[in-house]
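One structure is given below, encoded as structure tokens.
The values are calculated or read from the model by the stated rules, or taken from the named source; none is laboratory data. Remember, predicted model here, so these are calculated numbers, not experimental data. All Cβ positions, glycine included, derive from the backbone under ideal geometry; neighbour counts span all protein chains shown.
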Amino acid sequence: MDVLPGGYHVNAATWFYLSLLLVVAVFFRFGRIWSLRNLDLVLLLCISPGLLMVEEKMPYGYVWLFSVTGLLLLRLFCDGWFQRRPRMEQNLNPPGLAFLCVAAFAFLTAQVITNTLPNSTVKMVDRAEELLKGKAALNVDSTEASADEADARPGPAASVLAAVVLKVAQFAIVDDGTGSRNAVAFADWAGRISAIVAHLAVILALIVLAHRHFGDYRLGLAMATLYLLMPCTSYDVGKVNHVLPAAFIVWAVVAYRHPFLAGGLMGLSCGTLFFPVFLLPLWIRFYGRRGALKFGSALVVVVAFLLGSLALMAENTESFRYQISSFVDWNALTIEGDEEGGFWNGANSQYRIPVHAAFLVMLCWLTIWPRRQNLEHLMAHCTAIVVGIQFWYPRHGGEFILWYLPLLLMVIFRPRLAQLLPPDHPHEEHETKSVPNRKGRESAPTGTPDGRLFR
């Protein structure tokens, strides 16, 4: 596509070095070298070399990725022990940070427009067109996976949303007599627009989360900027099914005080990819009896909506059954490993079974502990569960950084949130917003035990 001027290209390695310098210059605390913020930045930046080694098919690429992912998981386990959350300003004032955020978003938007769409996004748009036409490619094996596609199969929610975009945009298509060329061109643009909107949803969710629950929109601006500057965001910028689940989860955290709304958002996340299903027990345990009923009702409504949408768009019963079965990535739940060169290849796939068992034990433990959970636990445990999935996922496990990157940024930048309990909790205290004092610092909500967000 020649929409933008050509002749300029930034490869993956070059963008890693450029983003490394930007991230260190803006977020590294040079006055406090041995700080938790600097440790988190080092762990985040260590992810990208592993992705580059995997792309170059270097033998120790997955070992590097799994090592860094293990350190991130350990960091999340220890998050509750870090009682002191000192406030650390960024090395750039808010107007400069906003400019950098907009510039990084513009750069990624240009990359989405000019680069070739990944196979998963093309498949999502193709399935959306099938839904609109009421037809399905019944001669295609629903369990086959593309050899060059290190990705999970998009679920029905992603394709239904893409179908809505395609349907609305039919009014903008100018018929050239045949209509086929314009339709193909718009299908390509629909995938690109979907990727841009998905990243924009993540950015807005982080800013709103910081404004409503952290008491400072500047923290959300910092999270959004770091999200855009991370090399892994640039590497998978066009993979819509990587970004949408995390966007729905972050918005569910924003709306945690409304169980029905949060349940609907989590249902859409589960309908996009399969992995958010493992977060549902944690959310149900978080809300308790009364909140869980509202949360579960929303899940039922979303499932009914998705099934009804597929039924209305299906040509016949056989097509409907195919659409239901093909939207589930059954290969992700099999015992066999990855035959395309991932970590769990045929040689060591049997070791994936105890890793999966350990993950289930971790899932149960994070769901029931501690007995009294607050928003801090919900954020950290959700992130730990998604990070833990990377270890047993059969195809290219460890590469899906965008599944948990926005969630990890929430944990890294959050202040003390012990006062933010589930709604209808017997010990719940009213949530209030922080107000800047005369010195420009943020005074914490009155509900915190010590009267301060950062300490």
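Summary of values
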quantity	calculated
Near pairs, Cβ below 6 angstrom, 6+ apart or cross-chain, from the range 181-205 (at pLDDT below 80) to any residue that is not in a helix (DSSP H, G or I)	N182/I173; N182/D176; F186/I173
Verdict on L72 being within 21 Å of the chain's Cα centre (by Cα), touching a residue at least 24 places away in the same chain (Cβ under 8 Å), within 30 Å of W365 (Cα to Cα) and surrounded by 16 or more Cβ atoms within 10 Å (Cβ to Cβ)	yes
In the range 212-224, the residues that are touching a residue at least 12 places away in the same chain (Cβ under 8 Å) and part of a helix (DSSP H, G or I)	R212, H213, F214, R218, L219, G220, L221, A222, M223, A224
Condition check for Y227: in contact (Cβ under 8 Å) with a residue 12 or more places away in the chain and aromatic (F, W, Y)	yes
Among the candidates T109, T121, residue that is β-branched (V, I, T), part of a helix (DSSP H, G or I) and buried (at least 20 other Cβ atoms within 10 Å of the Cβ)	T121
Residues of the range 360-397 that turn out to be surrounded by 22 or more Cβ atoms within 10 Å (Cβ to Cβ), aromatic (F, W, Y) and under 12 Å from L72 (Cβ atoms), as a count	0
Flag if Y393 is within 13 Å of the chain's Cα centre (by Cα) and either at negative phi or without any contact (Cβ under 8 Å) to a residue 24 or more places away in the chain (or both)	no
